[in-house]
Amino acid sequence: MKHLAFMLLIPFTLKAYTQQNPNELVKFLEGKWHNHSYIIENGKEVVAHDYKETMEIVDSVNLSITAHGIKNGEDLTKGMTLIVRNDSAIMKQGPFEAKGIKEGNVYYLTGQHEAQEYRFRLYTMGDKYIFHSETWHNGKIQRMNMSYLTRQK
C-alpha cells in the first residue's frame with residue numbers, strides 16, 4: 001500500500017516541481033501585462049490594439065496567455081510552449097513551431113507554415129517585453145506585428 005500511495009503522489013509532485021521551476025522565458029513572461037500592438041500590412045491601414053494580457057505558468061515550458069477583451073470585447077486564451085536550452089529556443093503554438101537562438105536577453109526564432117516564413121524577435125527587458133513578428137512570402141515581407149508590453153504591478 002505504501003508503494004501505491006507513493007506512485008499516486010508522483011504526478012502531483014512532478015506538476016508542482018515543473019510549475020515551480022519554469023525555464024527563464026516562461027518565468028519572465030508570467031504575470032499581468034499591458035499590450036500595445038501594431039499590425040502593419042502592405043496596402044492596408046495600420047491596426048492598433050491596446051489591451052491587458054495575463055500569462056500564467058502551466059508547467060516548466062508552457063504558458064496560458066489570455067488577451068482580455070481582444071475579440072469583440074471577449075477574452076481570448078491560447079497556450080504557448082517555450083523551450084529554452086542553453087542558447088537555443090523553440091516556440092510552439094498548436095502545430096506551428098519556430099526554432100532559433102538566444103543572445104543575451106533576445107530570442108531570434110524562425111518557422112515555416114505553408115508557403116510563408118515567420119520571423120520572431122522576443123526582447124525581455126525587466127518590466128518590458130517586446131514581441132516582434134514578421135510574415136514573409138516569396139522573399140518579401142508581407143506583414144509585421146510589433147507588440148510592446150509593460151508589466152503591471
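The values are calculated or read from the model by the stated rules, or taken from the named source; none is laboratory data. Note that the structure is a prediction, hence the values are computed from the model and not measured. Cβ: placed from backbone, ideal geometry, glycine included. Neighbour counts: every protein chain shown. All accessible areas refer to the heavy atoms of the entire protein, side chains included, with ligands and DNA or RNA removed. Shrake-Rupley method; radii C 1.70, N 1.55, O 1.52, S 1.80 Å.
Listed by position, the strands (runs of 3 or more DSSP E) inside the stretch 46-103 whose residues that are open to solvent by less than 60 Å² (accessible area, probe 1.4 Å), more than 21 Å from residue 150 (Cα to Cα) and of a type in the set (A, V, I, L, M) number at least 1 are 74-85, 88-93, 96-103. Within the stretch 73-96, being of a type in the set (Gly, Ala, Ser) and closer than 15 Å to residue 61 by Cα holds for 79, 88, 89, 94. In this structure, does residue 73 turn out to be of a type in the set (Gly, Ala, Ser), at positive phi and at pLDDT 95 or above? No; evaluated as a whole, the condition is false for this residue. Does residue 28 fit the bill of being part of a helix (DSSP H, G or I) and either surrounded by 15 or more Cβ atoms within 10 Å (Cβ to Cβ) or modelled with pLDDT of 95 or more (or both)? The answer is yes for residue 28.
Annotation note: Cβ proximity below 9 Å between a residue of the stretch 95-113 that is of a type in the set (A, V, I, L, M, F, W, C) and a residue that is in a loop (DSSP other than H, G, I, E, B) (sequence gap 6+ or interchain) occurs for 101/87.
Do we have any residue at all in the stretch 114-134 that's in a strand (DSSP E or B), among the aliphatic types (A, V, I, L, M), more than 22 Å from residue 35 (Cα to Cα) and modelled with pLDDT of 95 or more? No; the residues of the stretch 114-134 include none that is in a strand (DSSP E or B), among the aliphatic types (A, V, I, L, M), more than 22 Å from residue 35 (Cα to Cα) and modelled with pLDDT of 95 or more.
The set of residues in the stretch 105-126 being open to solvent by less than 60 Å² (accessible area, probe 1.4 Å) and over 15 Å from the mean Cα position of the chain (by Cα) consists of 117, 126.
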